[in-house]
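The values are calculated or read from the model by the stated rules, or taken from the named source; none is laboratory data. The structure displayed is predicted, hence computed values, not measured ones. In this analysis, Cβ positions are derived from the backbone assuming ideal geometry, glycine residues included, and neighbour counts consider all displayed protein chains. Surface areas here come from the heavy atoms of the whole protein model, side chains and all, with no ligands, DNA or RNA. Shrake-Rupley method; radii C 1.70, N 1.55, O 1.52, S 1.80 Å.
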Amino acid sequence: MSLQKDASRGITQSWGSCMPPGFAEFVKCYIVLDRPRQLLVCYEQSKNQSPFQGYSGAQPNWPIITQFQTDSISLVEEARKSKHRYCFAVHSLAKVTYFCAESWRDMEDWILCIKDSCRISVDRSHLNPNRVSIVGSYVTEIVGGQVIQTPITAEFNETVVNGNRRSSAGRRTSGGKEAPDNRVDSVVTEKQVILRSGFAVKQGAKMKSWKRRFFCLTDTDISYYKNEFATKALRRILLTDIMDVKVSDSELTSIRSNLVDLITTYRTFYLQFDSVEEMYSWIEDIRRNAGLSSSTYL
């Protein structure tokens, strides 16, 4: 059976074969890409089962050879060095699973479909409208899970994070001394000046999975949180540590649109925004507040 696409349900499926990590040879399987559930699954047909009638979207009672979340996929490419025909490789969580399609056209279609499924678009339907795409400077307070924003006035010229004050000049101090390592969890204990905030999808440092995070840009750093209601930052990136921020030219752009390279003194962060407009807007705001030239980021 050639590759079948059901655009209305976001399902792509076909027969093929796969060789997950640890397997010595390819196994015939039924490959299903379920975009609503963000799953790529290889099902095995047992001897007691009748031939597949197709995947309907509900979890079938079929033996699973392997499966993984599409947001963990970092690369999809033709396996040119493989001796098998119509072979392509899917890189996920530092491991590679090999697939063989039934024809050259099916292989190309599978590569395109999987790549397209990895182009994450942020669902905005549930977002708090009071905390997204802030233009200008605001004081943001989280009270009982609700976000309260007030335009900055002269009295709000400091923020307090973990008991360490940030002066209006942007230098963090703790009892007059330079604060310790900035790459630690932080809790907003009082009022924090936020110049801009919104969602982006970020690649993890070790597992290379992609997750949606809520980012806040202040006059001293960029913090990201699990969601818009969290008060504990997963990480802070000091603006003084940022060496460059630009439209990405990495190989990840083959499966990630609107991708930005945020280059620091210790690591490059890859951030995917929901639109081209947001991507350029974030780049400009970060460059301006980090004191970088605005003419060399393309």
(request) Pull up the range 252-261, narrow it to residues that are assigned to a helix (DSSP H, G or I) and either in contact with a strand residue (DSSP E or B) (Cβ under 7 Å, 6 or more places away or on another chain) or modelled with pLDDT of 90 or more (or both), then point me to the one that is farthest from Asp71 (Cα to Cα). (result) Thr253
(message) So Val245 ticks every box in (1) outside any strand (DSSP E or B); (2) at pLDDT 90 or above but one. Which box is left unticked?
(response) (1)
(request) Search the range 282-298 for residues being in contact (Cβ under 8 Å) with a residue 60 or more places away in the chain and open to solvent by less than 40 Å² (accessible area, probe 1.4 Å), and hand back the single one that is nearest to the chain's Cα centre (by Cα). (result) Trp282
(message) Condition first: more than 16 Å from Val276 (Cβ to Cβ) and open to solvent by 30 Å² or more (accessible area, probe 1.4 Å). Now tell me which residues in the range 247-261 satisfy that.
(response) Glu251, Ser254
(message) Restricting to the range 97-110, give me the number of residues that are surrounded by 15 or more Cβ atoms within 10 Å (Cβ to Cβ) and either within 26 Å of the chain's Cα centre (by Cα) or free of Cβ contacts under 8 Å to residues at least 40 places away in the same chain (or both).
(response) 7
(request) Would you check which residues across the range 271-281 are among the hydrophobic types (A, V, I, L, M, F, W, C) and either open to solvent by less than 10 Å² (accessible area, probe 1.4 Å) or in contact (Cβ under 8 Å) with a residue 24 or more places away in the chain (or both) and list them? (result) Leu271, Phe273, Met279
(request) From Thr264, Thr268, Thr240, Thr189, grab the single residue that is of a type in the set (S, T, N, Q), surrounded by 13 or more Cβ atoms within 10 Å (Cβ to Cβ), at pLDDT 90 or above and more than 21 Å from the chain's Cα centre (by Cα). (result) Thr240
(request) Could you grab me the full set of residues in the range 203-223 that are under 26 Å from His91 (Cα atoms) and in contact with a Leu (Cβ under 6 Å, 6 or more places away or on another chain)? (result) Met207
(message) Every residue in the range 196-233 that is under 17 Å from Tyr266 (Cα atoms), surrounded by fewer than 20 Cβ atoms within 10 Å (Cβ to Cβ) and aliphatic (A, V, I, L, M), please.
(response) Ala205
